[in-house]
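Notes to accompany the following structure.
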């Protein structure tokens, strides 16, 4: 990410948090000049507006959300090029080939680096790897099947449907619940 976009994201994010803090402080402190419980002088559809305090639960929830956002942005990447205190990444953005991707995943796993993509890819390969090798490779295992052959095989289509359903619509933990044996 370029310096411009990093600054753009950081300034907007921090500016929004500061703006929220100012609005929250302004709403919690009564600065309307009208005593609490008195009429504000506004009427909408026959309903008169009174100067009442914000509900305490709402104020506490808003304050908690503000602190959650600040802590989250300190721990995880969310402010431009800032990596966060935990060093978490969703993927290695410097990868340009399949070989580099595999090497990057292996490095991340060896170093116990928090790379979400590497973790999910490893989990999926451990669980679905054999099934996909049977799906994509010919019976002798020497070459890949043509896409027309894969698309024409009902068992293959069921396998792909289950995989996509579980990976797109479910969390990784729920993927383990799939019973691939019933597809064969």
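Each value in this text was obtained by applying a stated rule to the coordinates, not by laboratory testing. Here the structure is a predicted model, which is why all the values come from computation and not from measurement. Note: ideal-geometry Cβ built from the backbone for every residue, glycine included; neighbour counts use all protein chains shown.
With each pseudo-label sitting 7 Å past Cα toward Cβ, what's the residue 86-residue 49 distance in nm, one decimal?
4.1 nm
Write down the Å³ per residue value for the convex hull defined by the alpha carbon atoms of region 40-164.
On the way: hull volume 33.2 nm³, N = 125.
Per-residue hull volume (Cα only) is 266 Å³.
Put a dot 7 Å past each Cα toward the Cβ at residue 157 and residue 99; how far apart are the dots in nm?
3.8 nm
Computed FRET efficiency, Cβ-Cβ of residue 8 and residue 57, R0 30 Å: what is it to the nearest 0.05? Intermediate results must be reported in sequence, preceding the final value.
Numbers: r = 35 Å, r/R0 = 1.18.
Efficiency, from the Cβ-Cβ distance: 0.25.
Once you put a point 7 Å from the Cα of residue 67 and another 7 Å from the Cα of residue 132, both along the Cβ direction, what distance in nm separates them?
That separation, rounded to one decimal, is 4.3 nm.
Can you tell me how much longer the chain between residue 42 and residue 110 gets when fully stretched, taken as 0.36 nm per residue apart minus their C-alpha distance, in nm with one decimal?
Working: separation 68, 0.36 × 68 = 24.48 nm, distance 6.49 nm.
My answer for the length gained is 18.0 nm.
Looking at the P(r) of region 1-67, how many percent of alpha-carbon pairs lie beyond 18 Å?
57 percent
Starting from the Cα-Cα distance between residue 139 and residue 74, subtract it from 0.36 nm times their residue separation and give me the gain in nm to one decimal. Provide the component values of the computation, followed by the final result.
Values: separation 65, 0.36 × 65 = 23.40 nm, distance 5.12 nm.
That works out to 18.3 nm of additional length.
Across every pair of different alpha-carbon atoms, what Kirkwood hydrodynamic radius in Å does region 19-102 reach?
On the way: mean 1/r = 0.0583 Å⁻¹.
Its Kirkwood hydrodynamic radius stands at 17.1 Å.
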